[in-house]
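Down below is the structure, laid out as structure tokens.
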Ligand SMILES: NC(=O)c1ccc[n+]([C@@H]2O[C@H](COP(=O)([O-])OP(=O)(O)OC[C@H]3O[C@@H](n4cnc5c(N)ncnc54)[C@H](OP(=O)(O)O)[C@@H]3O)[C@@H](O)[C@H]2O)c1
């Protein structure tokens, strides 16, 4: 079996209660990582932990930390709790997002502030808080989940696209600042992936996107998760500062 070098690595995955986050958490767990899973929905979080620990020999039990990442000090307490429990932090997957589309002329300052906070400030802060712990070991992997929309833009998605494009840009800067210290920072930009978030796309637009996708289908959360664990693995040690698309060829 291929060795991904993830056994016992401590990995924070945000948005683990969602479709893509749940698949990412599962992949890391199955590769033996010590995962720290977060989300707002306590029940979904414990259900994921219970599902994974039906195979208790694979990896240590996941640590569940239910929280709203936009609450005061939430990112700080997430990292503090992780360090308190395991004494190290190797990988951060910033996956949680607010997917709330509005036309520019219908957006107000409060909406924009909420989008910026959830989708830009939270992942930015989490990277900043995680880095000192990664630098201690001269090893770290930052994986930020962006979106095809952050590259192409889309009607009704100005704020969302802006935050995702911003995350891609700051991730490249982290790669430039800390690559020499053994840290890599990359983004995964999904196309349309079958999750609850994608189900909110109006049916006609969904069908249009499906037809525009050369593979004529949407992706699965697992197809995103496979790349996440690869980027975190020792096999991806020279991949840094990239935004890699998982979209069946939709972006041309
Ligand atoms: N699905 C797609 O087609 C697609 C396409 C492009 C990019 N993406 C990106 O992929 C990532 C995952 O998307 P998904 O489709 O899996 O979405 P999803 O199923 O709706 O999951 C979103 C996750 O984010 C969490 N979350 C949102 N706001 C939060 C907050 N304030 N504090 C803590 N957690 C919060 C949710 O937690 P709770 O449910 O517990 O509240 C949930 O776990 C996102 O970054 C999204 O932008 C998805």
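Just so you know, all these numbers are worked out from the coordinates, no wet-lab data involved. Everything numeric in this text was worked out from a predicted model, so none of it was measured. Neighbour counts run over all protein chains shown; Cβ positions are idealised from the backbone, glycine included.
Odds and ends about this structure:
- Linear extension gain, residue 54 paired with residue 73, 0.36 nm per residue minus alpha-carbon span: 3.6 nm
- Listed residues 161, 47, 175, most fluctuating in the chain (Gaussian network, C-alpha, under 10 Å): 47
- Computed E for residue 100/residue 177 - FRET, C-beta separation, R0 30 angstrom, nearest 0.05: 0.45
- Selected from 89, 116, 105 as most flexible by GNM, with the chain as the system and alpha-carbon contacts under 10 Å: 105
- Rounded tilt (10° steps) of 221-232 against the dominant C-alpha axis of the chain: 50 degrees
- Segment 58-193: C-alpha gyration tensor shape, a/c 1.5 cut-off, then a/b vs b/c: prolate
- Rounded tilt (10° steps) of 74-86 against the dominant C-alpha axis of the chain: 30 degrees
- Nearest-ten-degree value, helix 203-212 long axis tilted from longest Cα axis of the chain: 80 degrees
- Using R0 = 30 Å, the C-beta based FRET efficiency linking residue 81 and residue 114 works out to 0.75.
- In terms of packing, defined here as the mean over residues of other Cβ atoms within 10 angstrom, the peptides 145-158, 21-34 line up highest first as 21-34, 145-158.
- Reduced Cα scattering model of segment 10-245, Debye log10 I(q)/I(0), q = 0.08 Å⁻¹: -0.28
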